[in-house]
Amino acid sequence: MTDKTLLPWISEAIKAVRLAGDGLIFEVREASAADNLREAKEFVNGLKELRCRFVLNHSPSGSGPATLAYLKHLPIDYLKINGSLMPGLAAKPENQEMVKLVHETARVAKIATVAECVEDAATLALLWQYGLDYAQGYYFQKPGETLTCDFSGDHA
């Protein structure tokens, strides 16, 4: 975000391959955005001009209120809730409260939420109840060359 040549390069690359900007989503960690808030805002605004979308990756050390401050300054499309909150979510009320707080903060700002590192049905069920918009993780499919997701329920 601090490299002034990056945004023009992205613009030229998009044009060179005739790609619609809305087909690209850029992700930045909350800590990086916080350390470079002015540059992050310029970068995100530049991406918006290219019709690209932007994800802010929530930091677990940032907590809900800190994330709220960044949401007011950055025109983001998605807030990715940190995956360190997900393992064993069903048995961790404090993590459940943090997930709900971050999600509600994003919802009020009209920003879609993404839960990363979803690895079991119990976690997915809670996220569904909370109203999160998207989920990703090994529960759906481990990284691979092709999409071979099986939604039959047998994920042993």
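The values are calculated or read from the model by the stated rules, or taken from the named source; none is laboratory data. Note that the structure is a prediction, hence the values are computed from the model and not measured. A quick note on method: Cβ atoms are made from the backbone with ideal geometry, for glycine too, and the neighbour counts reach across all protein chains shown.
How many residues does the stretch 74-95 hold that are polar (S, T, N, Q) and surrounded by 18 or more Cβ atoms within 10 Å (Cβ to Cβ)? Let's see the steps before the verdict.
Of the residues in the stretch 74-95, the ones polar (S, T, N, Q) are 82, 84, 95.
Narrowing further to those that are surrounded by 18 or more Cβ atoms within 10 Å (Cβ to Cβ): 82, 95.
Residues in the stretch 74-95 being polar (S, T, N, Q) and surrounded by 18 or more Cβ atoms within 10 Å (Cβ to Cβ): 2 in total.
Against the condition charged (D, E, K, R) and at pLDDT 90 or above, how does residue 30 come out, does it pass?
no
Can we say residue 131 is touching a strand residue (DSSP E or B) at 6+ places or on another chain (Cβ under 9 Å) and either among the aromatic types (Phe, Trp, Tyr) or at pLDDT 95 or above (or both)? Full working, then the answer.
Details: touching a strand residue (DSSP E or B) at 6+ places or on another chain (Cβ under 9 Å): yes; either among the aromatic types (Phe, Trp, Tyr) or at pLDDT 95 or above (or both): yes.
Here the answer is yes, as residue 131 does meet what is asked.
Name the single residue that is nearest to the chain's Cα centre (by Cα) among those in the stretch 14-33 being surrounded by 15 or more Cβ atoms within 10 Å (Cβ to Cβ) and over 19 Å from residue 116 (Cβ atoms).
Only one residue tops the list, namely 21.
Given (1) modelled with pLDDT under 85; (2) surrounded by fewer than 17 Cβ atoms within 10 Å (Cβ to Cβ), identify the lone condition not met by residue 70.
(2)
With the condition kept exactly as written, say whether any residue in the stretch 51-61 is in a helix (DSSP H, G or I) and of a type in the set (Ser, Thr, Tyr).
First, the residues of the stretch 51-61 that are in a helix (DSSP H, G or I): none.
Within the stretch 51-61, none of the residues are in a helix (DSSP H, G or I) and of a type in the set (Ser, Thr, Tyr).
Scan the stretch 75-122 for residues that are of a type in the set (Ser, Thr, Tyr) and not in a helix (DSSP H, G or I) and jot them down. Let's see the steps before the verdict.
Restricting attention to the stretch 75-122, the residues satisfying the condition of being of a type in the set (Ser, Thr, Tyr) are 78, 84, 105, 113.
The answer is 78, 113.
Table: residues versus (1) out of contact with any Lys or Arg (no Cβ under 9 Å at 6 or more places or on another chain); (2) of a type outside the set (A, V, I, L, M, F, W, C); (3) surrounded by 15 or more Cβ atoms within 10 Å (Cβ to Cβ).
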{"site": "103", "(1), (2), (3)": "yes, yes, yes"}
{"site": "106", "(1), (2), (3)": "yes, no, yes"}
{"site": "117", "(1), (2), (3)": "yes, no, yes"}
{"site": "136", "(1), (2), (3)": "no, yes, no"}
{"site": "142", "(1), (2), (3)": "yes, yes, no"}
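Give 2, 105 a once-over and let me know the one that is hydroxyl-bearing (Ser, Thr, Tyr) and either within 17 Å of the chain's Cα centre (by Cα) or modelled with pLDDT under 85 (or both). Break it down stepwise before answering.
Values: 2 fails: either within 17 Å of the chain's Cα centre (by Cα) or modelled with pLDDT under 85 (or both).
That would be 105, the only listed residue that is hydroxyl-bearing (Ser, Thr, Tyr) and either within 17 Å of the chain's Cα centre (by Cα) or modelled with pLDDT under 85 (or both).
Collect the residues in the stretch 1-57 that are within 23 Å of residue 102 (Cα to Cα) and of a type in the set (Gly, Ala, Ser), keeping them in residue-number order.
The answer is 31, 32, 33, 34, 40.
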